[in-house]
Amino acid sequence: MANDLYNTVKAITRSSETVKAVLETELILISDRTRDNKSYLPSRGKRILAVLSHTELQREEGCLLVLCPRYWDESSAAPHDYAVEEAIPIGINFVITITQSRRNTLDLRPSNIVALSQSRTELSLAISPGHDSAADPLSFVTQDIQGLQLVLSECRRLKDSLMRAADGLGQTRQSTFAWTAPYMAKVPQPSILTSGPPDLRTLNTPLHTLLSPASAGAPGDEASDIELIREDWVRSKIREELTSNSGTSLLRIRVGTFNVNGKLPTQDLSTWVQGHRVRADFIPPLEQMSPLSLGEIARDLFDNESGLPQLTKPESSPDVSDGSHDPDILVFGFQEVDLSTEALLYSTSTVREDAWCMALFASLGEKAILYEKLVSKQLVGMLLIVIVRKSLSPCFGRLQSGSVGAGIMGVMGNKGAVALRVEYTPHSQCVGQRKPAVLTFVNSHLAAFDEMYERRNADFQDLSKRLVFEPGMMSDTSPQQVMPDNITEGSRSVFETDVLIWMVSVIGLTNYSNDSDLNYRINLSDSDIRGLLSSEPDLIDDEIRLGLAIRTKKAFDGFCEHPITHLPSYRFSMGIVADHRGYDVKRKPAWTDRILYFPSTMTACRQSNYTSHPEITMSDHKPVSAEFEVDTVLFDMSELNACVLSHWKNVVNLKSLDSSPKVRLRDTMVDFGSVRHACRAVKHIKVENVGDIACSYRFIGATPEASIHPEWITIERMTGLVPQGSDTDITISLFIGDSLATCLNSGNPELACTLIMHTAYGKDHFITVAAKYERTCFANNLEWLARLPVPIRTLSNVDVLLPADRATSAPREVMRLINWLMSNAAGVVGLFVRPGQPELISQIREVRGVRMFVSERNSPAISAWTLA
Amino acid sequence: MSKQLQFKLVLLGESAVGKSSLVLRFVKDQFDDYRESTIGAAFLTQTVTLDDQTTVKFEIWDTAGQERYKSLAPMYYRNANCAVVVYDITQAASLEKARSWIRELQRQADPSIVIALCGNKADLAARRQVSEEEAKKYAEEEGLMWAETSAKSGEGVHEIFTAIAKKLPTTTSPSARGGARTGAAARTGVDLNKQAANAPGQNEPCNC
Ligand SMILES: Nc1nc2c(ncn2[C@@H]2O[C@H](COP(=O)(O)OP(=O)(O)O)[C@@H](O)[C@H]2O)c(=O)[nH]1
Ligand SMILES: [Mg+2]
């Protein structure tokens, strides 16, 4: 028995360490906090404790390992199925406390070594790495008194030897216990439980593109691939299972961005702040005050309990209705708040921030009483303020901020970005704790770099890389303390979030002689733009909108932007240099102030509004606002844990020494039969796991250069995981688009390919796909069509085509269609503009004799001419 | 110091000659009378220890013999250090097929590839259609290794793989040689270390 244990431990330890003692125990308590990152392991049950010794340069050090059976079902745990759960260095402060019936205490500290009394009963032991350690002790019970004694005496010996060495060498050589590191690393864990949300950019990237390069006969780096596939699989299971039966809670977020050109608030901002005007009797709050006195007032105001600026009328508060359509969160980004040179050099006071904050609350009017400032962050001219509904304020926590300068010399804060990260835990009616949703807001002020798109893009990439939330980094003014357990986390990217809203103001647009900047201005001549702007704003037509969107997308890859229907937000000027709309005549008007968001597959975020506010005239920019509705899923933490673990335990072992993955494909021949142009055909392949362990798969190409599948095939899902004993369906769909149809109409109509499905550490499965294409007169070259001697479906051989000089003057199919249209459809409005009805088009296509030749997406005739 | 080497081995030959059976015998020392035929290519590993304590780890790709998948075969013999081309001694046509595989390998595979011709189902000598002399003569002409084997009885199986292991260059590590190896090369390094940590000669998973 003891020998078995010993061998188990021996199998896990490296040859550089010797196993000094082993002990079989039951884990009785492990605090949730210390287990945070290992919650996939059973929280109680059998554990093996082992004392290891390591000698290096005549110095012996010890470490206590806690081994946990890796298999869920403990009875099946074979000797090698243990994982290292904890590796605790036996340092100066290492303590084991033995308790019997919670009375006799044995402390390992040398000063009070107590002899261990022999007893029949169970003894419990608590192990703590040291008094200064934040982690709670681990508690175990054991009946193996002899084993325990050996463990204790070895621990004591190793600790003594360490202390002697420390005394002797006068602390010159600190123990690092570096040798214990390999034991602590590398146990697979479901990151959905252990860390925050994954990077949105990865989440939105198809998984197969993130895996290692692989092809037939060259499986790539399977160890890392299976980890990614497993993570993705667990995530999608959770999404399927929990999103369907958990409710969602709607969070309304109003976002505003305003480049204030160094001004202090002098105007009512209510249209921007609330979306509509409050009372007309706005008192410009701060105009006549010097910045110094302003600071005083601001502080006083914010010190009072209600957080309500006196400028709004407090007496009106009782009848303020907490309108459910009002935003829950208000986020305001300001740029160029402070243009002074000093601001670049020393961090300035919060005077300006307080002024803007007051202006915001003032503009909230009587609703101000319902809101309070949650957090803010300023870097030179960039300021970001988050205001939340008071009733929800207990739901917000773990506030973090980040900032990065990208201005002068690439670091100064005249350009760059500030960011705030907020965790929102929805109110919970039931007892359970909800999983928080992470909201991230970024306010950036970027240079336009007219001349070089590449450069600007690189700058944005660089900025988003540098803009991180450092562990424990708090916002400037946060009502809550950062939780101490945050400290252990690494820095997080702004993309590691559930919701990401990004405000941007672009500066440095030079004059309109430089037309190469296409990103923030439209590609129209100056007079065209002014002409356009002088007419109605809804004439900002689709083309311009599309152009703007595409250009923005280039720089902000992966972001979304609501279509712009408002007028350019820059540059406005007072007086004679302005045109009749107030735009500076010397600058080409531009949409420099934008609000973007990053879509997430996990959290739905809808934008309901996007507009500028021309009535606010105090700056050379107009403020822009947007409204978002976010559906945060009400995950109950314990439910989520249980759900993740129940899936995780099935897939935690993807490689085992004595068993390899074995799957069976129901069909390795997928025959679509006859297929038509532009008609989707779908087939399923059942993949059954008939082996002893879970199996991950991915589709691969035949060669490293080859694509995974031909363009007419799509595979749903390209990667996946099949737990032991279960099965999954892979969907293969076929679609023949216009360009392929053109080839097939005049070429060989037989379609065939072999798909390769690779199972990790196993096999390349071949799946043969075949289809026969039915020719159509759609998607053909008109000249070619005119050479057809027979209806296209009956064409057996391309050789029977008429020679070019004997072709009919126009294809019969076109003539018939035109004849029909002239006699029957002359009165149809928008005949050549609207797309045709899909059913009708497919009917026309199928009728032998009446044969067309065009794409369905546009009206028949228009496409006919473009194809000709 | 014992040496550890790793080589990629590919099995080729007509369908049903016993390629998968040979691998199963070599890797797990088992034999099934009823086996599903391979549709695709199975990956397995097995290690042999030579007299001089050198351990040779084979990364084996057992391919499908069906004509339909012939175009994919080059992906599996590409970068292979050795190939076992199998025929069935009770089917004369299977030797013809083996010859065409060998011609293809000589034309398209790495010029240094070690090729072994293997006449399987030696236990069915009563139904023999291919004589030992004929096959041996052909192998000599082409400079191939040759042996008859029976996956069913086990006869000759271990011997042919060991003979291949001995014939492979033992001076340079294949991963250092093969510039074309990409993902596989990276994995080679990792596996070798792992192998060192584990008990040597251990049977690795079989999924044929
Ligand atoms: N009698 C006999 N049968 C064999 C031998 N090797 C394979 N078989 C049988 O031949 C059939 C085909 O074998 P298989 O390994 O699937 O051939 P593969 O298609 O080349 O992989 C199976 O029914 C095997 O049981 C052998 O050495 N002797
Ligand atoms: Mg086979």
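Quick notes on this one:
- For region A:142-176, filtered to residues that are basic (Lys, Arg) and at pLDDT 70 or above, the residue that is surrounded by the fewest Cβ atoms within 10 Å (Cβ to Cβ) is A:ARG164.
- Close pairs (7 angstrom Cβ cut-off, 6 or more residues apart or separate chains): more than 21 Å from B:LEU117 (Cβ to Cβ) and in contact (Cβ under 8 Å) with a residue 12 or more places away in the chain in region B:14-36, open to solvent by less than 70 Å² (accessible area, probe 1.4 Å) and within 6 Å of ligand 1 (Cβ to nearest atom) anywhere: B:PHE31/B:SER21; B:PHE31/B:ALA151; B:ARG35/B:SER20; B:ARG35/B:SER21
- Considering (1) touching a strand residue (DSSP E or B) at 6+ places or on another chain (Cβ under 6 Å); (2) assigned by TED's automatic domain parsing to the domain that holds A:TRP648, the lone condition that A:ILE238 does not fulfil carries the number (1).
- Members of region A:751-779 that are part of a strand (DSSP E or B) and more than 14 Å from chain B (Cβ to nearest Cβ): A:LEU751, A:ALA771, A:LYS772, A:TYR773
- Residue in region B:77-100 that is out of contact with any helix residue (DSSP H, G or I) (no Cβ under 6 Å at 6 or more places or on another chain), within 24 Å of B:ALA139 (Cβ to Cβ) and free of Cβ contacts under 8 Å to residues at least 24 places away in the same chain present: yes
- One residue from A:ASP729, A:ASP692, A:ASP671 being in a strand (DSSP E or B) and within 14 Å of chain B (Cβ to nearest Cβ): A:ASP671
- One residue from A:ILE693, A:ILE713, A:ILE736 being buried (at least 17 other Cβ atoms within 10 Å of the Cβ), farther than 30 Å from A:LEU795 by Cα and out of contact with any helix residue (DSSP H, G or I) (no Cβ under 6 Å at 6 or more places or on another chain): A:ILE693
- Test: residue in region A:635-642 that is within 14 Å of another protein chain (Cβ to nearest Cβ) and open to solvent by less than 30 Å² (accessible area, probe 1.4 Å): no
- Screening A:LEU211, A:LEU242, A:LEU193 for residues that are away from every other protein chain (no Cβ under 14 Å) and either open to solvent by 20 Å² or more (accessible area, probe 1.4 Å) or at pLDDT 85 or above (or both) leaves exactly one candidate, A:LEU193.
- Only listed residue being more than 19 Å from the chain's Cα centre (by Cα) and modelled with pLDDT of 85 or more, chosen from A:SER401, A:SER444: A:SER444
- Only one of A:LEU596, A:LEU654 that is assigned by TED's automatic domain parsing to the domain that holds A:TRP356 and in contact with a Cys (Cβ under 8 Å, 6 or more places away or on another chain): A:LEU596
- Qualifying residue in region B:152-159 (condition: in contact with a Leu (Cβ under 7 Å, 6 or more places away or on another chain), more than 14 Å from chain A (Cβ to nearest Cβ) and under 26 Å from B:GLN46 (Cα atoms)): yes
- When the residues of region B:1-37 are filtered to those that are touching a strand residue (DSSP E or B) at 6+ places or on another chain (Cβ under 6 Å) and within 13 Å of chain A (Cβ to nearest Cβ), the one that is nearest to ligand 2 (Cβ to nearest atom) is B:SER20.
- The residue that is nearest to B:GLN91 (Cα to Cα), counting only those in region B:38-51 that are more than 13 Å from ligand 2 (Cβ to nearest atom) and of a type in the set (Ser, Thr, Tyr), is B:THR45.
- Subset tally (residues that are free of Cβ contacts under 8 Å to residues at least 24 places away in the same chain and either within 15 Å of A:HIS709 (Cβ to Cβ) or more than 7 Å from every other protein chain (Cβ to nearest Cβ) (or both)) for region A:214-226: 1
- Here B:VAL23, B:VAL10 are screened, and the one residue that is buried (at least 24 other Cβ atoms within 10 Å of the Cβ) and near ligand 1 (Cβ under 9 Å from one of its atoms) is B:VAL23.
- Region B:119-150, residues that are open to solvent by 30 Å² or more (accessible area, probe 1.4 Å), farther than 19 Å from B:PHE26 by Cβ and either more than 16 Å from ligand 1 (Cβ to nearest atom) or among the basic types (Lys, Arg) (or both): B:ARG127, B:ARG128, B:SER131, B:GLU133, B:GLU134, B:LYS136, B:LYS137, B:GLU140, B:GLU141, B:GLU142, B:GLY143
- Considering (1) modelled with pLDDT under 90; (2) away from ligand 1 (no atom under 14 Å from the Cβ), the lone condition that B:GLN66 does not fulfil carries the number (2).
- With respect to the conditions (1) open to solvent by 30 Å² or more (accessible area, probe 1.4 Å); (2) assigned to a strand (DSSP E or B), A:CYS679 falls short on a single one, namely (2).
- Among the residues listed as B:ALA83, B:ALA116, the single one being within 14 Å of chain A (Cβ to nearest Cβ) and open to solvent by less than 10 Å² (accessible area, probe 1.4 Å): B:ALA83
- In region B:57-78, residue farthest from ligand 2 (Cβ to nearest atom) [restricted to those that are more than 8 Å from every other protein chain (Cβ to nearest Cβ) and part of a loop (DSSP other than H, G, I, E, B)]: B:GLN66
- Scope region A:792-820; condition assigned to a loop (DSSP other than H, G, I, E, B) and open to solvent by 40 Å² or more (accessible area, probe 1.4 Å); matching residues: A:SER796, A:ASN797, A:PRO803, A:THR808, A:SER809
- Members of region B:30-56 found to be under 18 Å from A:LEU665 (Cβ atoms) and part of a loop (DSSP other than H, G, I, E, B), listed by number: B:ARG35, B:GLU36, B:SER37, B:THR38, B:ILE39
- Restricting attention to region B:86-113, the residues that are open to solvent by 50 Å² or more (accessible area, probe 1.4 Å) and within 16 Å of ligand 2 (Cβ to nearest atom) add up to 1.
The values are calculated or read from the model by the stated rules, or taken from the named source; none is laboratory data. These numbers were taken from a predicted model, which means no experiment stands behind them. Cβ sites come from the backbone with ideal geometry, for glycine too, and all protein chains shown count toward neighbours. For accessibility, only protein heavy atoms count, side chains too; no ligands or nucleic acids. Shrake-Rupley method; radii C 1.70, N 1.55, O 1.52, S 1.80 Å.
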